[in-house]
Amino acid sequence: MARPAILSREDFLNAGLMIIDSEGLDALTFRHLGEIMGVSHTAAHSHFANRGDLLNAITHRLVASMLNDIDLSDTTPRGLIKAIAIATRSTLAKHPRLIPIFLLLDSDSFAGQAEVLAVVSALESAGTPKDEIALAYRTIENYVFGATIFDFGSAPQHLAIRKRRYVALGHPEFAKVSGSDEAVGRHNDEAFVFGLDRLLDGLGI
């Protein structure tokens, strides 16, 4: 199939995300992007002012896609917060090398602003005292990102590493969930939801 004469913004975003996923954040440069796409390293400048602008655009697109995919079948405050938390984890699990970008985005271009405001609105609907809204949000945010970084920060070796840790403990309960990488992955997901539920219980949501 012939390469299109003019590459779109989406073409560059797709290629940029592919580079990050396969080679890591440091590999994403305009020069490497041009090499991958068979164009001059200056071509991306027609859509992005600089590398930071490109990274922000990639992150914004992922967050927008995540928000569109959130399961809203349970519209209670607790259900909405859980859906956002699980969707966030799922998105970052697919693109673990983007996690540092989510943590370092400038506030003026914060890709997750809509997500934050949705959680805050759910906290308000749940009756969280006004003077605890920011604290409650930060508690949820810390759990979601902290657990996700811990679970996927060493991807793609994360499951094998966790399995070795569990086996080394020599405890029968950990042996039950370390039979395979897939079993460890299921345990990771179950533990995330278990902890999230307990956290929301503690916040009275």
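Bear in mind these aren't lab numbers, they're just calculated from the coordinates by the rules spelled out. All of these numbers come straight from a predicted model, not from anything done at the bench. Note: ideal-geometry Cβ built from the backbone for every residue, glycine included; neighbour counts use all protein chains shown.
Once you sort the root eigenvalues of the Cα gyration tensor of segment 13-135 as a ≥ b ≥ c, which label holds: rounded (a/c under 1.5), prolate (a/b larger than b/c) or oblate (the other case)?
Numbers: a/c = 3.05, a/b = 2.33, b/c = 1.31.
It is prolate, given that a/c is not under 1.5 and a/b is the larger ratio.
Considering only alpha-carbon pairs that sit under 8 angstrom and 6 or more positions apart, the relative contact order computed for the chain is 17 percent.
Apply the a/c threshold of 1.5 to the C-alpha gyration tensor of segment 102-205 and tell me whether it is rounded, prolate or oblate. Note, shape of segment 102-205 comes out oblate. Using a Gaussian network model of the chain in which every pair of alpha carbons under 10 angstrom is joined by a spring, one finds that among 147, 136, 49 the greatest mean-square fluctuation is at 49. Each Cα pair under 8 Å and six or more residues apart adds its separation to the average, and for segment 1-48 the resulting relative contact order is 26 percent.
Report the extension gain between residue 31 and residue 73 in nm, rounded to one decimal, defined as 0.36 nm multiplied by the number of residues separating them, less their alpha carbon distance.
10.7 nm
Around residue 156, with a cut-off of 11 angstrom between Cβ atoms, what is the net charge of the other residues, counting Lys and Arg +1 and Asp and Glu -1? Net local charge, residue 156 excluded: -1. Over all other residues within a Cβ to Cβ distance under 15 Å of residue 177, the charged ones net out to 0, with Lys and Arg as +1 and Asp and Glu as -1.
If you take all other residues with their beta carbon under 10 Å from the beta carbon of residue 47, and give Lys and Arg +1 and Asp and Glu -1, the sum is -2.
For the chain, just say rounded, prolate or oblate: build the C-alpha gyration tensor, square-root its eigenvalues into a ≥ b ≥ c, call rounded for a/c under 1.5, and beyond that prolate if a/b exceeds b/c, oblate if not. In terms of gyration-tensor shape, oblate.
Determine, for 190, 141, the number of other Cβ atoms within 10 Å of each Cβ, and report the residues in order from fewest to most.
190, 141
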